[in-house]
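Remarks on the structure that follows.
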Amino acid sequence: MIKIKQAVIVEGKYDKIKLSGIIDAPIIQTDGFGIFKDKELQQMIRVLSEKRGILVLTDSDSAGFKIRSFIGSTVDPKNIVHAYIPDIFGKESRKTEPSKEGKIGVEGVSEEIIMRSLANAGVLCESIAEPERPITKLDLYEHGFTGGEGSAKKRKALLKYYSFPSRLSSNALVKVLNFVTTYDQFLEDIKEIEKEAQKCSE
């Protein structure tokens, strides 16, 4: 597994599955053109880009470049890195026929090609400071954000505080929390979230 500094933006779930076996970083999928209308996802990508930057790795067809261009227009250019896979013609093994343009996407190329794309983007040689104490799923449970009475309401407030989408799974939430903050700061943020909740209930 290669640990990289940036959050990685891909198009679909099969791209995410492919990269999950190669890269140790938050991997966010756009659901194709779904990102064009998903304001929550757009906001989350902006937050991630401001914290540690984003790496965009989309397919090399016209759809991939439209998504890449859209993301580039919504975040500060200094916070975005582009990695490109070459034009390779054929089809992914799970598909019965090639795509409209006949190019293999991120999910279908080899690990070697992905690694070369990352190296060309210059993201493999950046050092990353390891958190002294990572945030865990147990922390979410112990602080009442999962598995208890009123946890859904508290979790919603947590997601809103960090500008994360409401549909994030617990695993994804832990991943992005460790990406954007530290354990100690997380504890401070919880206090702020509880203060806001107290104000709203008064």
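Please report Rg over Rh for the stretch 88-176, where both radii come from the alpha carbon positions and Rh follows the Kirkwood definition. Please list the in-between numbers first.
Details: Rg = 19.9 Å, Rh = 17.0 Å.
Value, to two decimals: 1.17.
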**Test item: Cα-centred dipole of the chain, Lys/Arg +1 and Asp/Glu -1 on Cβ, debye** = 400
**Complete:** Between Ile28 and residues 5 or more places away or on another chain, the pairs with built amide H atoms under 5 Å apart involve Val8, Ile9, Val10
**Item:** Local net charge near Val109, Cβ-Cβ under 11 Å (Lys/Arg +1, Asp/Glu -1)
**Value:** -4
**Request:** Kindly report the accessible area of the stretch 1-144 per residue (heavy atoms of protein chains, probe 1.4 Å, no ligands, DNA or RNA), in Å².
**Result:** 53
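Using a 1.4 Å probe over the heavy atoms of the protein chains, calculate the carbon and sulfur portion of the accessible area of the chain as a whole percent.
On the way: 5830 of 11160 Å².
Here it works out to 52 percent.
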**Prompt:** Under the Karplus relation 6.51 cos²θ - 1.76 cosθ + 1.60, θ = phi - 60°, what is the ordered set of whole-Hz ³J(HN,Hα) values for the stretch 30-38, x standing for Gly and Pro?
**Reply:** 8, 6, x, 6, x, 5, 4, 10, 8
**Item:** Unit charges at the beta carbon, dipole of the stretch 106-188: most positive-side option, Val123, Leu158, Ser110
**Value:** Leu158
**Prompt:** From the backbone phi of the stretch 78-90, what are the Karplus-calculated ³J(HN,Hα) couplings (6.51 cos²θ - 1.76 cosθ + 1.60, θ = phi - 60°) in whole Hz, Gly and Pro given as x?
**Reply:** 6, 9, 10, 10, 10, 10, 10, 9, x, 6, 10, 9, x
**Item:** Amide H partners (placed H, <5 Å) of Val81, local residues excluded
**Value:** Ile54, Leu55, Val56
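Give me Rg/Rg_expected for the chain, where Rg uses Cα atoms only and Rg_expected = 2.2 N^0.38 Å with N residues. Let's see the in-between values first.
Working: Rg = 18.3 Å, N = 202, 2.2 N^0.38 = 16.5 Å.
Cα Rg divided by the expected 2.2 N^0.38 Å: 1.11.
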**Message:** Just want the answer: with Cβ charges of +1 for Lys and Arg and -1 for Asp and Glu, which residue in Phe65, Met1, His143 is farthest toward the dipole's positive end in the chain?
**Reply:** Phe65
**Complete:** Listed by chain and number, the residues whose amide H is under 5 Å from that of Ile2, excluding neighbours fewer than 5 places away on the same chain and using placed H, are Ile23, Asp24
**Item:** Rg to Rh, two decimals, where the stretch 1-68 supplies the alpha carbon set and Rh follows Kirkwood
**Value:** 0.95
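The values are calculated or read from the model by the stated rules, or taken from the named source; none is laboratory data. All values derive from a computational prediction rather than experimental measurement. With ideal geometry, Cβ positions are generated from the backbone for all residues, glycine too; neighbour counts draw on all protein chains shown. Just the protein is used for accessible areas: all its heavy atoms, side chains included, with ligands, DNA and RNA removed. Shrake-Rupley method; radii C 1.70, N 1.55, O 1.52, S 1.80 Å.
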